[in-house]
Each structure stands twice: as C-alpha cells, then as structure tokens.
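A short write-up of the structure that comes next.
Every read-out reported here was derived from the displayed coordinates using simple, explicitly stated rules and does not represent laboratory data. These figures come from a predicted structure and were not determined experimentally. Note that each Cβ is placed from the backbone with ideal geometry, even for glycine, and that neighbours are counted across all protein chains shown.
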Amino acid sequence: MSAIDKFKEMGRGIDLAQAIAEADRCLLCHDAPCSEGCPADTKPAEFIRKLRFKNITGAIRTIKKNNILGGACGVLCPTSRLCEEKCSAMFKSQHRPEGADRPIQIGQIQRFLIEQSWDRNIKVFEKPVARREKVAVVGSGPGGLSCAAELAKEGYQVTVFEAKPEPGGVLRYGVVSYRFDMNFLEHEIKDIKSLGVNFRCDTAINGKGDAERLLQDGFGAVFLAPGLWGAASIRPAGRDIAGLFSSVDYLSALRDGRFEELERKIKGNTVAVVGGGSVAMDCIESAIRLGAKDVYLIYRRSYAQMPAEADERIGALEAGVHFLLLNQPLDYLTDDQHRLTGVKLVRTRLGEPDDSGRRQPENIEGSEWILDADVVIEAIGNIAPESSPEWYPNVKTDDKKLIKADSETGKTSVDGIFAGGDIVRGPALVVQAVQDGKLAARGIVEYLRK
C-alpha cells in the first residue's frame with residue numbers, strides 16, 4: 001500500500017442499524033446531562049430522542065440548526081470527556097461504581113446523522129432574504145465558519161477572508177486525512193455556502209491595520225478568528241536544522257498531499273515527537289504509517305498528565321511507540337551540514353502544582369543525556385504570529401498576543417470588532433470555537449441593530 005493510500009480517507013462510521021440500536025439505549029432523561037456537556041449546545045438529547053422515534057430528518061435538523069459543523073464535531077470532538085461523560089446510561093464509572101453499562105456513542109450518532117443528510121439530500125436551510133448590512137469574517141476555521149453561518153441565516157451579507165488557498169482552517173490544514181477527510185469537510189462547507197456566504201481565499205488580512213480597515217471598507221462589523229498558525233519551539237531563533245519540523249508544517253504538508261516527500265524523510269529513520277496532546281498523537285501515528293523505524297514520544301510530565309485522550313495514548317503504546325516521560329528537550333544536535341542527529345534531554349521530576357492545578361516539571365540537575373534521532377516533530381503548542389497585533393493595532397491583546405474579548409459576546413476593545421476561537425482562548429477544541437462563533441454572531445446582530 002502506498003503512502004497516499006494510507007492517508008487518503010478516514011474510517012467508516014456506524015450504519016443505520018447501529019445508530020438506532022444506540023439511540024434505543026437512551027434513557028430519555030428529562031433534564032438531559034449530555035446536552036449540558038456539549039460546549040456548542042448541539043443538544044444531543046433532542047437529536048437522539050428523535051432518532052429513537054425514527055424521525056431521522058428531525059434529528060438532522062436539530063444538529064444542523066444548533067451546530068453548522070455538527071459533522072466535524074461528531075468526528076473530532078473528545079466526546080468521552082464532554083457529552084458522553086455526562087450520559088446517564090453510563091451507570092458504571094469512577095464516580096458510579098454501582099452500575100455496569102457504557103455511555104451512548106453520541107459522537108458516532110451525530111456523525112451518522114450528518115452523513116445521512118448528505119446521502120438523502122436533506123436541505124435544512126433555505127437561503128434567507130438578503131439584508132443590506134455586510135459583515136467580514138477573518139479566518140475560515142471552525143469559529144469563522146460558525147459565525148459566518150449564523151449571520152447568513154439572519155440574512156446578513158457575509159464575506160469570509162482566508163489567507164490559505166482553501167477554506168477550513170485547522171479542519172483542512174491541521175488534522176490528518178485518516179481522522180477527518182476532505183470529502184467530509186467539503187460537504188460541511190457546501191452547507192455554509194448554500195446560505196450565501198462568500199469566501200475570498202488567498203486573501204490575507206495581515207497588513208498593519210488591515211482588520212480595522214475593513215470597517216472603513218463598508219463592513220458593519222468584523223469577526224476575527226484567524227487561529228494560531230505560529231508554532232512554539234525550543235530551537236534558537238535563526239538556526240535552521242534539516243529534519244526538525246513544527247507540527248504545523250508537518251501536518252500541513254500531509255494535508256497538501258506531500259506524502260512521498262515526507263515518506264522519504266521518515267521511512268526507516270528514528271523519529272521523536274515532542275509533546276503530549278492530540279496533535280502529538282497525530283504526528284506519532286502518521287510517522288508510523290510513513291514507515292519510521294522507531295518513534296519516541298518525549299513528554300516532560302507523567303503519563304497521567306498527558307492531555308491526549310486515553311484511547312490515543314493506548315493506541316500509541318500498542319503501535320510500539322516508545323514513551324519517554326519525565327524528559328525535557330534542551331537542545332538539538334546537528335552535523336556539519338546542519339542535519340539533525342539527536343536531541344539533548346534532561347530528566348524531570350514533578351514539583352508543586354501551578355495555577356492550573358497540575359504539578360510543575362522540574363529539571364533534575366546532572367541528568368542530561370542524548371537521544372539519537374533523525375527527525376524531530378515539535379508539537380508543543382501553537383502561538384499567535386509575532387506580527388498579529390499589528391493587524392488590529394487598537395484591539396487589546398495580552399502578553400501572549402491573544403485578543404481580549406468578552407466571553408459572552410465576543411466584543412473586543414474596538415466597536416464593531418469581535419473575536420473568538422483560538423486567537424482568544426489559545427489552543428482549544430473545535431467545538432469551543434464553534435460556540436465562540438455562535439455567541440459572536442449574536443453579539444454582532446445586537447450591535448448592528450442598535
């Protein structure tokens with residue numbers, strides 16, 4: 001099997017019989033805790049109830065009306081710690097040892113229903129009568145798409161400005177295809193375009209004052225959701241190292257179809273991935289699929305503190321990944337041609353808890369050692385581009401260059417400019433960005449009606 005075949009598409013979801021069987025397990029809770037567990041208010045209790053009574057069209061409408069990216073969230077959401085964690089059918093858990101059941105597969109049902117909407121050509125929305133007000137959305141990731149769709153439903157003329165060649169943001173350029181394929185994304189974006197949303201790709205809003213200038217160009221309001229496309233790194237500035245990738249560049253290369261190029265660099269070589277989140281797990285699994293000889297995960301905290309989902313961690317271990325826990329990278333070793341040869345590490349111990357409640361890793365003096373490696377992928381977090389505050393100079397930002405915005409309305413310090421998604425929260429979940437877009441859309445509607 002070629003590298004292209006390995007990355008071409010994600011696995012199949014559940015079928016009609018499986019979806020109905022899962023829905024039939026629903027306890028039809030009066031105050032359903034699963035709905036409370038959805039950050040985007042997709043209302044799983046409602047669509048599962050409708051599916052249980054064989055109202056498939058009604059179930060689909062519930063999802064799409066509440067979450068325009070319901071399909072993407074059904075695939076990508078960590079449901080085990082969101083809606084499914086709250087599911088009353090899960091009698092037995094850490095907190096409920098008296099029972100012996102499992103949560104309903106809410107994410108799988110949600111994905112199934114959205115796929116059914118495409119298979120059955122169910123049109124949820126009619127294109128509304130256009131209003132005269134225009135709104136600009138900067139960035140076409142989950143937050144931007146959600147905000148654009150909500151505003152378009154109300155008839156506002158929405159233009160989405162996207163710096164990259166195609167819309168989708170992190171959904172297109174930051175997730176490997178076997179987890180979320182392009183065909184699925186295209187269906188989601190088609191639903192948004194059907195509302196009348198206009199996309200202007202290859203149009204970066206990254207010059208000095210560009211975002212604020214949109215207000216002078218006839219847009220009544222602006223929603224900023226450019227995402228975080230800078231990559232945190234321990235590499236000293238100005239030092240080029242062949243074989244060292246950021247997760248942003250590495251995953252974008254996979255999405256761009258540069259499989260053979262990456263396979264040449266990874267196949268038969270030792271790969272180290274730095275980080276402990278879901279992005280690191282994507283990098284690990286893809287390196288295995290590309291034929292790496294050995295794959296190491298370097299993480300400065302313990303296994304229990306890793307932010308990656310439990311099934312992702314277990315899957316990596318079962319795939320043969322070597323976990324180097326309680327180890328902190330200090331520097332990279334190279335040969336005289338600036339090619340990577342190894343990683344300098346120091347062992348760590350867990351100290352006192354920080355403000356987040358997690359115990360802070362502390363370097364153990366004198367414990368430095370070298371891990372031989374041909375390729376290193378840094379997956380230690382995305383950051384705002386260095387120049388991003390210049391795009392909106394009057395919008396207040398914090399010391400991490402994240403935009404300060406009201407959590408309920410998305411309002412920033414500049415009248416008419418709203419913001420949401422990762423550029424406000426920092427790296428977060430797709431479903432949280434969707435909710436930011438919905439809330440900001442409501443804030444924009446209220447602002448334009450005044």
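Can you tell me the dipole magnitude for the range 276-357 around its Cα centre, using point charges on the Cβ only (Lys, Arg +1; Asp, Glu -1), in Debye to the nearest 20?
Dipole of the range 276-357, to the nearest 20 debye: 300 debye.
Taking the alpha-carbon set of the range 175-285, what are its Rg and Dmax in Å?
For the range 175-285, the Cα-based Rg and Dmax read 18.4, 55 Å.
I'd like the trypsin sites (Lys or Arg not before Pro) in the range 126-183 restricted to DSSP loop residues with at most 11 other Cβ atoms within 10 Å, sorted by number.
Sparse-neighbourhood loop trypsin sites (Lys or Arg not before Pro): ARG132.
Hey, got a sec? Which trypsin sites (Lys or Arg not before Pro) in the range 318-402 land in a DSSP loop and have at most 11 other Cβ atoms within 10 Å?
LYS400
Would you compute the Debye intensity of the range 343-419 from its alpha-carbon atoms alone, equal scatterers and no solvent, and pass along log10 I(q)/I(0) at q = 0.18, 0.20 Å⁻¹ to two decimals?
Result of the Debye calculation: -0.89, -0.95.
Can you give the relative contact order of the chain as a percent, counting alpha carbon pairs under 8 Å and 6+ residues apart?
So the answer I get is 16 percent.
Per-residue HN-Hα couplings for the range 267-282, Karplus 6.51 cos²θ - 1.76 cosθ + 1.60 at θ = phi - 60°, whole Hz, x for Gly and Pro?
4, x, 10, 8, 10, 10, 10, 9, x, x, x, 5, 5, 4, 5, 4
Mind pulling up the Rg/Rh value for the range 8-119? Radius of gyration and Kirkwood radius, both on Cα.
0.95
Quick one: what Rg and Dmax do you get for the range 231-382 from the alpha carbons, in Å?
Just the Cα atoms of the range 231-382 yield Rg and Dmax of 15.0, 45 Å.
Mind checking which aspartates and glutamates have their C-alpha under 19 Å from LYS50, skipping anything on the same chain fewer than 8 residues away?
Answer for LYS50, where 19 Å is the Cα cut-off: ASP15, GLU22, ASP24, ASP31, GLU36, ASP41, GLU84, GLU115, ASP119, listed by chain and number.
Pairs LYS265/LYS344; LYS86/LYS193; LYS153/LYS396: which are spaced more than 23 Å apart, C-alpha to C-alpha?
LYS86/LYS193; LYS153/LYS396
Give the long-range amide H neighbours of ALA231: residues separated by 5 or more places, or on another chain, with amide H under 5 Å away, using H modelled in the peptide plane at 1.01 Å from N.
ILE383
Compute the Cα gyration tensor for the range 110-250, then decide on rounded, prolate or oblate, letting a ≥ b ≥ c be the square roots of its eigenvalues: rounded whenever a/c is under 1.5, prolate when a/b is larger than b/c in the other cases, and oblate in all that remain.
Judged from the Cα gyration tensor, the range 110-250 comes out oblate (a/c at least 1.5, b/c at or above a/b).
Which option, [x] 66, 59, 48; [y] 68, 51, 39; [z] 73, 65, 46, is the value of Cα extents along the principal axes in Å that was calculated from these coordinates?
[x]
Tell me what the chain gives for mean residue ellipticity at 222 nm when only DSSP H runs of n ≥ 4 count, each as -39,500 (n - 2.57), the sum divided by the residue total, rounded to 500 deg cm²/dmol.
It lands at -10000 deg cm²/dmol.
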